[in-house]
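In what follows, a single structure is set out as structure tokens and then discussed.
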Amino acid sequence: MNKNTRIIAKSLKKRNRSESTFRLMGLLGIISAISFLVIILFSIINEGKKAFVSTQIKLDIFFDSKILDPGNSGKITEIENANYQTLIKASLLNFFPDVKTRNDQRDLLSMISSSEQENLMRTLTNDISLMNTKKEFWLKSSSKYDVINKNPEMIDFAEEDRLISNQQLFWFNELKKDNRVKFGFNKIFFTAADSTEPEQAGIWGSVMGSFFTLFVTLLLSFPIAVAAGVFLEELAPKNRFTHFIEVNINNLAAVPSIIFGLLGLAIFLNVMHLPRSAPLVGGMVLALMTLPTIIIATRASLKAVPPSIREAAIGMGATKMQTVTHHVLPLSMPGISTGTIIGMSQALGESAPLLMIGMVAFIVDVPESFLDSSTVLPVQIYLWKSTAARGFVELTAAGVLVLLTFLILMNSFAVIIRKKFEKKW
Amino acid sequence: MVNKKNIKVLTKKVSVFYGDKQAIKDVNLEIFENQVTSLIGPSGCGKSTFLRCINRMNDTIDICRITGKVLIDNDDIYKATLDPVLLRARVGMVFQKPNPFPKSIFDNVAYGPQIHGLTNSKEELEDLVVRSLQKAGLFNEVKDRMNEPGTSLSGGQQQRLCIARAIAVSPEIILMDEPCSALDPIATAVIEELIDELMQNYTIVIVTHSMQQAARVSQQTAYFHMGNLIEFGETSKIFQNPKNKQTQDYITGRIG
């Protein structure tokens, strides 16, 4: 062993130790990141899954013509406007005959969601032969009972801290004993828009709002951004002016999104007088925000096309435009579409700029066009989170789950496109 | 023998500048019809740059500037009325690294005729593709897999595909920029044989690093050094009896 070998051997221990320390730190970082992710996902799924089912109560409803059509007119309009609450009340009183006082009766009736009156009306008008017959229905409970049923630990709360009184809890338990309470699929959550009553609120309105908004965003930002990217990368002369534009596009990508909202408010609403809360305007604002992302992705994937392909085309006598449209652009399409989808999923999760243009409104109807007032998924989640009623807690988590599902779907789609169309040179 | 040949390309005092740097200095050169002219010289001597002047490929580089005259059939190719697209249909090019389009073998060869609208029917186009592949000596190897991507071929086959692609538009001149530098000796031999055949119908200018190759395939040789044309003449004379000391040093392997 000569002198140098000894010096190296001495320091080797220390060098190896620092390497293993670094390795350990990296591992710790990854483990903590994954465990935070698991905790977050677990708590959201745990809470959110409750919103996918709802408490339903079995009642025998007698379609009494004396109540629904006292004049015996047989007119549909008469039947449509009748008081179906009385039917539900009669059925409940039939089960609890000793509830006498008006207040107690009202308390009892509050067990069933008010939305069920309309459902009973629909059932009857669709099949008028049900008149004066008795039929079994699984009716949706109101949110308070639903919350108690989903969170059994609340039963042990003191009466004043509980959502329902001891009396109401007793009635509910009586129904349970009679096997008249079950969990059913919460269809309303996937078909309705927002509502003041948690059990009647759904995510579909904001899903459609997001869809219309993103459609406008894609329609505007994709062609403009690709055209801009191609122009800057392939056609524009490389001079000070184009360099200035490039720098500014890169800076735009880092501008806080709420600024784009303010811009939209100032120009689209105040100058152009477009409708407030409309997906059209939301899409335009998000398009502004998405443009730099797609331009940058377009330029990066254009740059990745080997210059030998351009030379081959130009050497064959293709014009600049033919070179781009026949060869360069098709080859960079996988990269451009990946960038576009990433930009779109960014836009899907964006709420701040939409608050500025009034997409934060309480919308009860599912939007049907680009001009209908609507809200979007992240804003709906924000709205539910800031509502006081206890029933919205599960809805908020379920909304997050729906949003996450869309994001994961879009991002996996981007990964698949990239993997599938990746060219090997 | 030389005197019987027509001059196809004539350059008069051609200089090329990249920004402030001069890459080519006052080159006067005659390229004869239906002959192979090879450009040799050490790396960075400007031979590729000179080659790219003949089909105006240098136009695609922003900072590149050319002075002097390049005449093809006595016609200035840098005059304002001439469209470089038309020129490049007359002057085909084969590059150092085989660069087939990532499309099918058929589409690679059919591309030129398609963009220039040279054929009127599908049958005519197919016929042209087959003939071009035959001329490039590739048809027998690929006739059963015309729809496979051109990039799936071997390096030598890819280069012959690029030659087929170039001759599909029937150019008058074919420029080759070190066409064999990325190929093994066997593939190189095939290409060299092909060049010998192509000479009958086309005027060929080839840049090469291999002096043996220049000696094998060309009738005329130009030796470039530091952007200057040092010596030009019949290949046999250049290699056996160079007039210039620099040329002698280069071909005997003392420099470069």
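Key figures for this structure:
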| quantity | calculated |
| --- | --- |
| Hits in segment B:205-237 (condition: open to solvent by 50 Å² or more (accessible area, probe 1.4 Å), within 11 Å of B:L39 (Cβ to Cβ) and over 16 Å from the mean Cα position of the chain (by Cα)) | B:F232 |
| Residue within segment A:238-260 that is under 26 Å from A:G205 (Cβ atoms), open to solvent by 40 Å² or more (accessible area, probe 1.4 Å) and in contact with a helix residue (DSSP H, G or I) (Cβ under 7 Å, 6 or more places away or on another chain) present | yes |
| Residue list for segment B:164-222, restricted to those being small (G, A, S) and either more than 14 Å from chain A (Cβ to nearest Cβ) or part of a strand (DSSP E or B) (or both) | B:A187, B:A189, B:S210, B:A214, B:A215, B:S218, B:A222 |
| Residue count, segment B:238-256 (criterion: on the phi > 0 side of the Ramachandran plot and open to solvent by 80 Å² or more (accessible area, probe 1.4 Å)) | 1 |
| Qualifying residue in segment A:359-372 (condition: over 19 Å from the mean Cα position of the chain (by Cα), farther than 30 Å from A:N251 by Cα, open to solvent by 30 Å² or more (accessible area, probe 1.4 Å) and away from every other protein chain (no Cβ under 14 Å)) | yes |
| Among (1) in contact with a Leu (Cβ under 9 Å, 6 or more places away or on another chain); (2) assigned to a strand (DSSP E or B) - the single one B:L161 does not satisfy | (2) |
| Residue, nearest to the other protein chains (Cβ to nearest Cβ), within segment A:284-308, restricted to residues that are assigned to a helix (DSSP H, G or I) and surrounded by fewer than 20 Cβ atoms within 10 Å (Cβ to Cβ) | A:S308 |
| Single residue of segment B:50-67 satisfying the filter (away from every other protein chain (no Cβ under 14 Å) and open to solvent by 10 Å² or more (accessible area, probe 1.4 Å)) that is nearest to A:P237 (Cα to Cα) | B:R65 |
| Selection within segment B:11-44 - surrounded by fewer than 17 Cβ atoms within 10 Å (Cβ to Cβ) and of a type in the set (A, V, I, L, M) | none |
| The lone exception for A:L274 - which of (1) away from chain B (no Cβ under 14 Å); (2) touching a residue at least 24 places away in the same chain (Cβ under 8 Å); (3) of a type outside the set (V, I, T) it fails | (2) |
| Those residues of segment A:334-354 which are touching a Phe, Trp or Tyr at 6+ places or on another chain (Cβ under 7 Å) and either open to solvent by 20 Å² or more (accessible area, probe 1.4 Å) or of a type outside the set (A, V, I, L, M) (or both), in sequence order | A:P334, A:T340, A:I341, A:S351, A:P353 |
| Residue that is in contact with a helix residue (DSSP H, G or I) (Cβ under 6 Å, 6 or more places away or on another chain) and under 17 Å from A:I224 (Cβ atoms), where the choices are A:T323, A:T290, A:T375 | A:T290 |
| Within segment A:87-110, considering residues that are part of a loop (DSSP other than H, G, I, E, B) and in contact with a Leu (Cβ under 7 Å, 6 or more places away or on another chain), the one modelled with the highest pLDDT | A:F96 |
| Any hit, segment A:72-92, residues being polar (S, T, N, Q), under 23 Å from A:I164 (Cβ atoms) and open to solvent by 40 Å² or more (accessible area, probe 1.4 Å) | yes |
| Whichever residue in segment B:68-87 is touching a residue at least 12 places away in the same chain (Cβ under 8 Å) and open to solvent by 20 Å² or more (accessible area, probe 1.4 Å) and, among such residues, is nearest to the other protein chains (Cβ to nearest Cβ) | B:P84 |
| Residue that is farthest from the other protein chains (Cβ to nearest Cβ), among those in segment A:224-237 that are open to solvent by less than 70 Å² (accessible area, probe 1.4 Å) and under 34 Å from the mean Cα position of the chain (by Cα) | A:A225 |
| Residue, nearest to B:N201 (Cα to Cα), within segment B:71-107, restricted to residues that are among the polar types (S, T, N, Q) and in contact with a strand residue (DSSP E or B) (Cβ under 9 Å, 6 or more places away or on another chain) | B:N74 |
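Matching residues to (1) polar (S, T, N, Q); (2) loosely packed, with under 10 Cβ neighbours inside 10 Å; (3) in contact with a helix residue (DSSP H, G or I) (Cβ under 7 Å, 6 or more places away or on another chain):
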residue	(1), (2), (3)
A:L41	no, no, no
A:T55	yes, no, yes
A:L59	no, no, yes
A:S113	yes, no, yes
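The values are calculated or read from the model by the stated rules, or taken from the named source; none is laboratory data. Computed from a prediction, not measured in an experiment: that's the story for all the values here. Ideal geometry is used to build each Cβ from the backbone, glycine not excepted, and the neighbour counts take in all protein chains shown. For accessibility, only protein heavy atoms count, side chains too; no ligands or nucleic acids. Shrake-Rupley method; radii C 1.70, N 1.55, O 1.52, S 1.80 Å.
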